[in-house]
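Inspection log for the structure reproduced underneath, given as structure tokens.
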Amino acid sequence: MSDATANLPPGARLLGREWLGFDESGQALIRFQAQVAFTNRHGTIQGGFLAAMLDSATGICALAKLSPGLIVVTRSLDTRFLKPAAVGIITARARVIERTERDMVVQAELIDAAGITVADAVARLRILAKA
């Protein structure tokens, strides 16, 4: 296990999550590795794995915008599957679109290696104090 993945939660490790940072427009960039083990009978990435990537991307984007004493939990994840996703690198772009003291709304999209948006989601997150 590399230093980059040593502190990741098991689900993030499974998805091959890699935090890339914020781009010049302020969007969070997160890379995932879609594995052959994630495919369905059609040979494309099963929707549940894409939803997990979107949940992970929206959560890590939100955490990057919060002070260290706060965490978020997902209350809802409204997901759309737009195109079949292939095995390989999938990059998420995520941004906070609304925030109050207790809640945050984050939008994210998944883009495949060819630059095609394969899925997107809006997550509603609850902000909590770290236990």
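The values are calculated or read from the model by the stated rules, or taken from the named source; none is laboratory data. Model, not experiment: these values are computed from the prediction. Cβ coordinates were reconstructed from backbone atoms using ideal geometry, including for glycine residues, and neighbour counts include every protein chain displayed.
Inside segment 5-19, residues that are of a type in the set (A, V, I, L, M, F, W, C) and more than 12 Å from the chain's Cα centre (by Cα) make up a count of 3. Out of all the residues in segment 28-47, is one or more in a helix (DSSP H, G or I), modelled with pLDDT of 95 or more and under 15 Å from the mean Cα position of the chain (by Cα)? Yes, there is a match, as at least one residue in segment 28-47 is in a helix (DSSP H, G or I), modelled with pLDDT of 95 or more and under 15 Å from the mean Cα position of the chain (by Cα). For segment 48-71, a residue qualifies if it is of a type in the set (Ser, Thr, Tyr) and either modelled with pLDDT of 95 or more or over 15 Å from MET104 (Cα atoms) (or both), and the qualifying residues are SER56, THR58.
Just wondering, is there one or more residues in segment 53-73 that are within 23 Å of ILE116 (Cα to Cα), assigned to a helix (DSSP H, G or I), more than 16 Å from the chain's Cα centre (by Cα) and touching a residue at least 40 places away in the same chain (Cβ under 8 Å)? Looking for residues that are within 23 Å of ILE116 (Cα to Cα), assigned to a helix (DSSP H, G or I), more than 16 Å from the chain's Cα centre (by Cα) and touching a residue at least 40 places away in the same chain (Cβ under 8 Å), one finds none in segment 53-73, hence no.
Mind listing whichever residues of segment 74-88 are more than 12 Å from the chain's Cα centre (by Cα), assigned to a strand (DSSP E or B) and not acidic (Asp, Glu)? Answer for segment 74-88, where residues must be more than 12 Å from the chain's Cα centre (by Cα), assigned to a strand (DSSP E or B) and not acidic (Asp, Glu): ARG75, SER76, ARG80, PHE81, GLY88. Scan segment 94-109 and give yes if some residue there is closer than 18 Å to GLU18 by Cα, among the hydrophobic types (A, V, I, L, M, F, W, C), modelled with pLDDT of 95 or more and crowded, with 19+ Cβ neighbours inside 10 Å, otherwise no. Yes; the residues of segment 94-109 include at least one that is closer than 18 Å to GLU18 by Cα, among the hydrophobic types (A, V, I, L, M, F, W, C), modelled with pLDDT of 95 or more and crowded, with 19+ Cβ neighbours inside 10 Å. Does segment 114-131 hold any residues that are among the small types (Gly, Ala, Ser) and either at pLDDT below 95 or in a strand (DSSP E or B) (or both), and which are they? Residues satisfying the conditions are ALA119, ALA121, ALA123, ALA129, ALA131. One residue stands out in segment 5-27 among those that are on the phi < 0 side of the Ramachandran plot and either part of a strand (DSSP E or B) or in contact with a strand residue (DSSP E or B) (Cβ under 7 Å, 6 or more places away or on another chain) (or both): the one that is surrounded by the most Cβ atoms within 10 Å (Cβ to Cβ), namely LEU15. Name the pairs whose Cβ atoms lie under 8 Å apart, with the first residue in segment 79-92 and at positive phi, the second assigned to a loop (DSSP other than H, G, I, E, B) and loosely packed, with under 14 Cβ neighbours inside 10 Å, and 6 or more positions between them or separate chains? Matching pairs, first to second residue: GLY88/ALA113. Does segment 89-102 contain any residue that is under 15 Å from GLY47 (Cβ atoms), out of contact with any Cys (no Cβ under 6 Å at 6 or more places or on another chain), outside any loop (DSSP other than H, G, I, E, B) and among the hydroxyl-bearing types (Ser, Thr, Tyr)? For segment 89-102, residues under 15 Å from GLY47 (Cβ atoms), out of contact with any Cys (no Cβ under 6 Å at 6 or more places or on another chain), outside any loop (DSSP other than H, G, I, E, B) and among the hydroxyl-bearing types (Ser, Thr, Tyr): absent. Screening ARG99, ARG93, ARG80 for residues that are within 13 Å of ASP120 (Cβ to Cβ), of a type in the set (D, E, K, R) and in contact with a helix residue (DSSP H, G or I) (Cβ under 9 Å, 6 or more places away or on another chain) leaves exactly one candidate, ARG93.
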